[in-house]
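The block underneath contains the structure these notes are about, expressed in C-alpha cells.
Only the coordinates and a few stated rules stand behind these numbers; no lab work does. None of the values given here were measured: they were computed from a predicted structure. Glycine also receives a Cβ, built like all others from the backbone with ideal geometry; neighbour counts cover every protein chain displayed.
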Amino acid sequence: MNALIVLPGDPRTKKNSPMIMRHGVIPSKAYREYRDSVWPYLLHAKVALALDRPIDTPLNVRCLYYMRTRRKCDLTNLLEATDDLLVDAGILADDNHRIIVSHDGSRVLYDKENPRCEVWITSAESAEVGR
C-alpha cells in the first residue's frame with residue numbers, strides 16, 4: 001500500500017473551541033468547515049484507491065501539515081483529526097494502534113500560499129504490533 005492524499009486548506013483540529021452540548025461535545029466551527037471542505041477529496045481518494053472495504057492492515061500514516069501561518073499548533077491534535085477523517089471517510093477501518101502503527105515523519109510546516117495536509121499512507125506489514 002502506497003498512497004498520497006492531498007487535503008487542501010489550512011488544517012484544523014477538533015479540540016480548539018469545541019461546543020459543549022447536552023448530549024456531548026461538538027467540534028469547533030472551524031474544524032467542521034475544514035472537514036466539509038476536504039470531504040470530496042477523501043471520497044475521491046477512496047475511489048482512486050479502489051477500496052471495497054476500509055484498510056485494516058498495519059500502516060504508517062505520515063502527515064505533512066503545511067500551515068498558512070507560523071502560529072503554534074499541536075501536532076498530536078492535528079494527527080487525531082486527520083485519523084478521524086480517514087476513518088469517517090471509510091479509508092481506514094479504525095485509528096487504533098493495530099492499524100495506524102506509526103505517524104513516522106509527520107510534522108508541521110509553513111506554506112502561506114498553499115496550505116494543505118499531505119497524507120502519505122504506506123504499508124507497515126513488518127511492524128511488530130501489540131508487543
Residue-wise HN-Hα coupling along the range 3-15, computed from phi with Karplus coefficients 6.51, -1.76, 1.60 (Hz; x: Gly, Pro) | 8, 10, 10, 9, 10, x, x, 6, x, 10, 9, 7, 8
Could you tally the net charge around M1, taking each other residue with its Cβ under 12 Å from the Cβ of M1, Lys/Arg +1 and Asp/Glu -1?
-> -2
Starting at the first residue of the range 26-41, write each ³J(HN,Hα) from the Karplus equation 6.51 cos²θ - 1.76 cosθ + 1.60 with θ = phi - 60°, in whole Hz, x for Gly and Pro.
-> 9, x, 4, 4, 4, 5, 4, 5, 4, 4, 5, 6, 8, 3, x, 5
Give the Cα extents of the chain along the principal axes, in whole Å, largest first.
-> 39, 38, 32
Calc'd 3J(HN,Hα), the range 97-113, phi into Karplus 6.51 cos²θ - 1.76 cosθ + 1.60 (θ = phi - 60°), Hz, glycine/Pro = x, comes to 5, 7, 9, 8, 7, 6, 10, 3, x, 6, 6, 9, 10, 10, 8, 4, 7
To the nearest 20 debye, the chain has a Cα-centred charge dipole, built from +1 on Lys and Arg Cβ and -1 on Asp and Glu Cβ, of 640 debye
Choose one answer from D52, D83, D111: the residue with the largest mean-square fluctuation in a GNM of the chain with alpha-carbon springs under 10 Å.
-> D52
Counting only residues 5 or more places away or on other chains, whose amide H sits under 5 Å from the amide H of L92 once H atoms are built in the peptide plane?
-> I55, V87
Relative contact order, percent, of the range 1-120 when contacts are C-alpha pairs under 8 Å separated by at least 6 residues?
-> 41 percent
With Cα coordinates, the longest principal axis of the chain makes an angle with the long axis of helix 75-88, in degrees rounded to 10, of 70 degrees
Mean residue ellipticity (222 nm) of the chain, computed from DSSP H runs ≥ 4 via -39,500 (n - 2.57), nearest 500 | -8500 deg cm²/dmol
Restricting the count to DSSP beta bridges whose residues both fall in the chain, what percent are antiparallel, rounded to a multiple of 5?
-> 70 percent
For S102, the residues 5 or more places away or on another chain with a placed amide H closer than 5 Å to its own amide H are L59, V61
Taking the chain as a Gaussian network, Cα atoms linked when under 10 Å apart, which of C117, C73, C63 shows the biggest mean-square fluctuation?
-> C73
Candidates D104, D94, D56, ranked by Gaussian network fluctuation over the chain, Cα under 10 Å, top entry = D104
